[in-house]
Structures are given as structure tokens and as C-alpha cells.
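Below is one structure, written out as C-alpha cells; the observations come after it.
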Amino acid sequence: MTSKDDVHTHHHDHDHDHDHDHEHSHLDSTALRVRSLQTLLVEKGYVDPQTLNELIDTYENKVGPQNGAAVIAKAWSDQSFKQWLLDDATAAIASLDYCGRQGEHMIAVENTPDVHNIVVCTLCSCYPWPVLGLPPAWYKSAPYRSKVVLDPASVLEEFGVSLPAETRIAVWDSTAEIRYLVIPQRPDSSEHLNESELRKLVNRNSMIGTALATPAKHHKT
Amino acid sequence: MNGVQDMGGLECFGPIEHEPDELFHADWEKQVLALSLAMGATGTWNLDQSRSARESLEPSEYLSIGYYRIWLYALESLLLKYELITAGELTNGESLEPAKPLKRVLVASDVSQTLKRGGPTNRAVNTTACYSVGDRVRVRNIHVSTHTRLPAYIRNHTGVVHYVHGAHVYPDSNALGQGENPQWLYNVKFNARELWGERRDERDAVHVDCWEPYLEQC
């Protein structure tokens, strides 16, 4: 189903919609509840169906971790950009045209052999949308939000990450409107790669801190 | 408010679940996202009031219904609270009363620019910051019964100012509709052992953004 269909199904496409709502009655009742609310708000003139389509399309198709990967690859390739990113992440990131909602105030924190950074929002789900898109389900879940401040090493273990004993861990709890972006360590043996090849090594979780950048040697270019 | 949303440091929720569809589980979740953003853009309520509404759900619901149901129920409660819809209209899914005037309605052609503009929370103030980078501060032992962004796990603990972010909208006031009341905002670095005791390596750290009223000198 395309995003354009989403907000129109209540008008003319019931059978199609039922396929996607599955047989689970709880899901069905919530889907109906949402459809009913949307009908009401459109009827009131509070929301425009085209606006809803545009919003869904933006976060489903346009904004995502590929933006953050471009920022990180540029920082890995260009020392002066990296310094700008560390000094004024909001401006450096805006220079690549990534800015706005849920990324108004950015700070970049750099992973090194000495320190590994991990980002969380223990109180809700704050996340840097312009560079990473919407947060994945696990980031918003109670198990992650609760545990990562207390025991980040075991959370990293759940993600299959083990750090050298000498690496200390810094957790960043996004309690305000400041959004944190992790600069992962550039993988070994990636010296020969250009900026666009480097982007492919920057996976989403490495910019949250729950993964390392993808190793260069395992990556087909 | 001391509520279940303030879950930093709990360890009772089991392993982290990794799901294949990490962004949305169903199409209605996308609609809830879009409806919440579009209604937020009308300026009827602010971000802190919206967060406060989500935290005000029944604790058992908050912990079990899933992320976008939290957003949905909070959106419904805000629409009712600000009298944009009536309970009868919500039940019936049809408009029974005239629409209320809104400050603005987000049109499709403005979506991109509106999202790019976002909602910066930094504000110019004519006070000076009480603390500077490197200062030791203690988190005050405050328990407010309304919305706050002070997580329980740092209360009464001492840390060091790591960044001075400038003055930002103060959620504790903004959530109550008492104005933005901008306050200086700091990133405070806590030694992990200070927060969690022997279990943690003393070289580890937890950084938390704290508004000045949350802090005292030590």
C-alpha cells in the first residue's frame, strides 16, 4: 500500500484495507478508531488529507538514516567538516540541508578508542529526525529506554557489540530539545574509499551507538 | 510527575525486541503520526503539553498498548481538552458541531518548509548562566506533580557541567500553559558509579540535559 492510499482508504477501498489490518481484532479496532478520527478531523477542516499524505511520504520515503550517513561520511573524509560538526553540529548539518523538526539543536559526539557514545531518551522517544528519520521500535521501547543508562554494556551485548576493555562508555539521555548524533569510528582498511563509498559503511545504529560502523572488508563496493 | 514514563534505570522489562518492521507495524500507525504532526502544527497545544498528555495515560496502558496507540489516545484527549471535538463526535466519527477556529491549518504545499523550520526552543534571555563548564552541580531533590523533564535517576546526584546550551523553553512551565519561561540549559556529566554504584566502572559516564531550576551549587 502506498502512503497516498493510507488516508483515502476510508472513502473507497475497504477490501484492500482489510487485507492490511490483519485478522487481529485489537488491530482492527484501532485501525477503525484511527480512520474514524481522521474522518472527523478532515470533516472539521482541521487537517487536509493531502497534508497527511505529504507528512507520511516525508518520513517514510524522504528523511532517513541515509542523511546521517552522508554527514558522517563527509566528516570521515574532510577534517575541517568534522571539526565544524564537533564545534557546531546544527550549522554543519544544515549546510547539507538537513535541519528542522526534532533536529533544531544538534550535538555530535565522537567515538574514539577511548570512549563509546550511546544515545537514548529515557523519558519518551527523542531522536534526531532530520538525520536519522523516525526512531525504530526498539529505541522507543521500555527495555531499551530503561536499561541503557544503567547497564549499557549488556545492552551493547544484546546488539552484538563488544568493546575493548579500555573503552569507556558515555550514555547521552536526550531530556531536552538537544539531539545527539554519534560519529562512529571510521572502520579499519577504509582509507581507499571515497565519500560515497564510505556512506555505505555508516549504518543507522552506529549513529545511535548501538552498533559499530560496518567493516570495510565485509562490504562489497 | 513521578510516572511510569520515567523509566531510566529500571531493569524489569526483559530483553530488547528487534522487529523486522522497525518504523511502523501497520498503516494506521502512519496515519496517527501524520494526524499528530498536522494537529500539532495548528498551534493549539505545544510539544510539552503533548508529551504531558502521553504521560497522563493509565500506567498499565502506557506500558502495554504500544507507541502509536499512546500517541493516538493522547491526541484524542488533547482534542477533547481543547474542545476542538466533543466526546459524541469522537464516538460517532462525524462532525456534529461547528468547527472551532484554529490558529493555522497546515497545507500540503507548506509541509516541507514547516518541517525544515521545526520549532527551535532556544530563547534570548537577559539573565546570565549561573554555572559554567566544569562547575560541580547537584540535582535538586524535587518531585513535581506535573510534567517535568528531570529524570528520577539523577535526583540528589552530583555531576559536572559539560556544555552550556543557552536558554531554552522550560518544559515544566510550558506544559502547564504558563508560558515558555526560558531557563538556562546545561548538559551535566555524571560519573556512572555516582549513579549506579559498584556495578559500574567509574570511568563511564551518563550525560543528562538539565535546566537551571533542576540544579543547585555544590
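Bear in mind that the values in this text are calculations on the coordinates, not laboratory data. Given the structure is predicted, the values throughout are model-derived calculations rather than measurements. When we count neighbours, we look across all protein chains shown, and the Cβ atoms used for this are built from the backbone with ideal geometry, even at glycine.
Neighbour counts of other Cβ atoms within 10 Å put B:147, B:25 in the fewest-to-most order B:25, B:147. Measuring between their Cα centroids, the stretch B:132-167 and the stretch B:39-78 lie 25 Å from each other. Ordering A:87, A:78 from the fewest to the most neighbouring beta carbons within 10 Å gives A:87, A:78. Which links in A:74/A:217; A:147/A:217; A:62/B:30; A:140/B:103; B:30/B:116 stretch past 24 Å when you go from one Cα to the other? Going by Cα-Cα distance, A:147/A:217; A:140/B:103 fall outside the 24 Å limit. Dipole size of the stretch A:78-205 about its Cα centre, with +1 on Lys/Arg Cβ and -1 on Asp/Glu Cβ: approximately 480 debye, rounded to the nearest 20.
Residues A:200, A:140, B:100, ranked from the fewest to the most other C-beta atoms within 10 Å, line up as B:100, A:200, A:140.
Of the GluC sites (Glu not before Pro) in the stretch B:46-125, which ones lie in a loop per DSSP and count no more than 14 other C-beta atoms within 10 Å?
B:83, B:94
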